[in-house]
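Beneath this line is the structure, given in structure tokens, with notes to follow.
The values are calculated or read from the model by the stated rules, or taken from the named source; none is laboratory data. Keep in mind that what you see is a predicted model, and the values were worked out from it rather than measured. For the accessible areas, the whole protein counts, side chains as well, though only heavy atoms, and no ligand, DNA or RNA atoms are used. Shrake-Rupley method; radii C 1.70, N 1.55, O 1.52, S 1.80 Å.
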Amino acid sequence: MEETHFEIRIPCDDDGFILLRCPHCDELFKLTAEDMESDETLDIYCPSCGLSDSNFLTQDVIDLALAKASNYAMDAITQQLHAFAKKNSSSLIRFEVKANREREPEAPIRAAIEALQIVTCHDCGREVKVSPALAMSAYTCPLCGIGQFNER
């Protein structure tokens with residue numbers, strides 16, 4: 001079976017941050033692409049609940065990936081059925097393909113949620129964006145996992 005790869009571009013905001021969502025508590029936060037891909041980042045932690053997970057993708061990204069995969073699969077199936085019908089066109093049994101399926105919409109991902117505030121971790125020194133409520137009280141650094149407390 002052949003492997004297929006899809007590229008999904010997730011837009012950054014004006015400051016270069018990408019929107020993420022915690023699968024445990026639905027908290028929204030942002031990290032830079034450089035920090036997400038850095039060898040220094042072993043795990044990503046939710047700034048609200050502090051839990052780590054392997055998937056902090058937003059629903060927009062998941063929906064786009066599913067739509068792309070569905071469209072690709074249905075196109076491949078239709079192509080194979082047409083090839084089968086063409087190959088067996090001279091046999092006693094006739095096979096005809098009538099593909100009438102609408103493609104899944106592949107809505108582009110938009111940078112959203114600008115109400116997040118840039119904070120700097122006192123331990124690792126890297127910047128992230130969290131909700132103003134977390135920035136004014138306490139949060140877990142999404143990059144190093146250490147609790148941060150507002151010193152004001």
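Each helix, a run of at least 4 DSSP H residues, gives -39500 (n - 2.57); summed and divided by the residues of the chain, these come to -8000 deg cm²/dmol at 222 nm. Close amide H contacts of residue 58 (hydrogens built in the peptide plane, cut-off under 5 Å, sequence separation of 5 or more or a different chain): 21.
Any idea what the relative contact order of the chain is, in percent, if you count C-alpha pairs under 8 Å spaced at least 6 apart? Present the calculation step by step, with values, prior to reporting the outcome.
Numbers: 209 pairs, mean separation 43.2, N = 152.
Dividing the mean separation by the residue count of the chain yields 28 percent.
Partners of residue 86 within straight-line reach, counting aspartates and glutamates whose Cα lies under 20 Å from its Cα and excluding those fewer than 8 residues away in the same chain: 75, 96. Highest mobility in the GNM of the chain, judged by mean-square fluctuation with C-alpha springs under 10 Å and restricted to 41, 78, 140, is found for 78. The residues of segment 37-139 expose, per residue, 70 Å² of accessible area to a 1.4 Å probe.
Here the Karplus relation 6.51 cos²θ - 1.76 cosθ + 1.60, evaluated at θ = phi - 60°, turns the backbone of segment 36-51 into coupling constants of 5, 9, 5, 5, 6, 8, 7, 9, 10, 10, 6, x, 8, 8, x, 7 Hz, with x for every Gly and Pro.
Proximity of backbone amide H atoms, modeled 1.01 Å from N, is registered between residue 147 and 141 at under 5 Å, excluding neighbours fewer than 5 places apart on the same chain.
Just the protein heavy atoms count here, and of the accessible area of segment 1-124 at 1.4 Å, carbon and sulfur take up 51 percent.
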